[in-house]
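Working notes, structure below.
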Amino acid sequence: MRTKYLWLSVVTGAAVGAASYYLKKKLLSSPPAAASGTASPSEAPTSTASKKEAVYSFISGFKDAAAVEFRFDYDPDRFHFAVVEDDFLTESGDSHVGILTGEAFSVQFEYGTYYNGEDFTLLTQELSSRHPDLDAAVYGALTGVKFRDGDNFCLAFPIPEDAHSYLLLTLVKAPDNDDELEAIPDTADFRSLLNSASFRRV
């Protein structure tokens with residue numbers, strides 16, 4: 001994936017702390033936009049009874065390889081989730097990705113690997129130089145970064161206790177959605193998905 005994009009590599013909690021330090025001035029001067037105060041009918045909270053769990057799993061590492069599962073809840077009446085090996089939303093070097101499709105937006109979930117000698121601070125600095133809008137992304141137990149990349153919006157999150165991989169989300173707006181792309185990560189629908197998310201090494 002590195003040949004196509006300069007993506008974020010993620011390490012453990014110490015690396016996240018480094019990113020937080022690097023972004024501190026930006027966050028203090030420009031606090032994240034608040035989530036919509038009034039949810040539209042399409043963003044009404046989903047009842048627990050109607051939720052379904054999505055699972056995207058992959059192998060992380062080489063000599064000490066382990067399976068990693070990324071899980072989150074979604075409303076199957078309003079979204080469709082599948083793990084696919086083709087027909088990706090956006091180009092990927094992975095063998096398979098998770099795709100969540102909804103009426104207002106779709107999201108591609110894929111794992112990214114980082115390379116020997118790379119660290120979170122260095123790549124965060126490089127991303128910041130290429131993406132002036134780079135900002136912190138916090139959802140439930142997830143803490144990472146977010147930035148716009150062309151017509152898409154990207155979020156990257158560390159995987160706890162994993163020194164090899166990170167999770168990359170690519171958000172794509174539906175053609176008939178009039179919302180600003182940058183506003184979608186703060187909608188009730190999107191926050192509900194990621195607030196329920198968690199990683200598990202198996």
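Before moving on, here are some points about what is shown:
- Accessible surface, region 71-202, averaged per residue in Å² (probe 1.4 Å): 45
- Rounded to the nearest 10 Å², the accessible area of residue 55 at probe 1.4 Å: 50
- Note that region 66-202 shows a convex hull volume over its alpha carbon atoms of 120 Å³ per residue.
The values are calculated or read from the model by the stated rules, or taken from the named source; none is laboratory data. As the structure is a computational prediction, the values presented were derived from the model and not from experiment. Heads up: the accessible areas ignore ligands, DNA and RNA and are worked out on the full protein's heavy atoms, side chains in. Shrake-Rupley method; radii C 1.70, N 1.55, O 1.52, S 1.80 Å.
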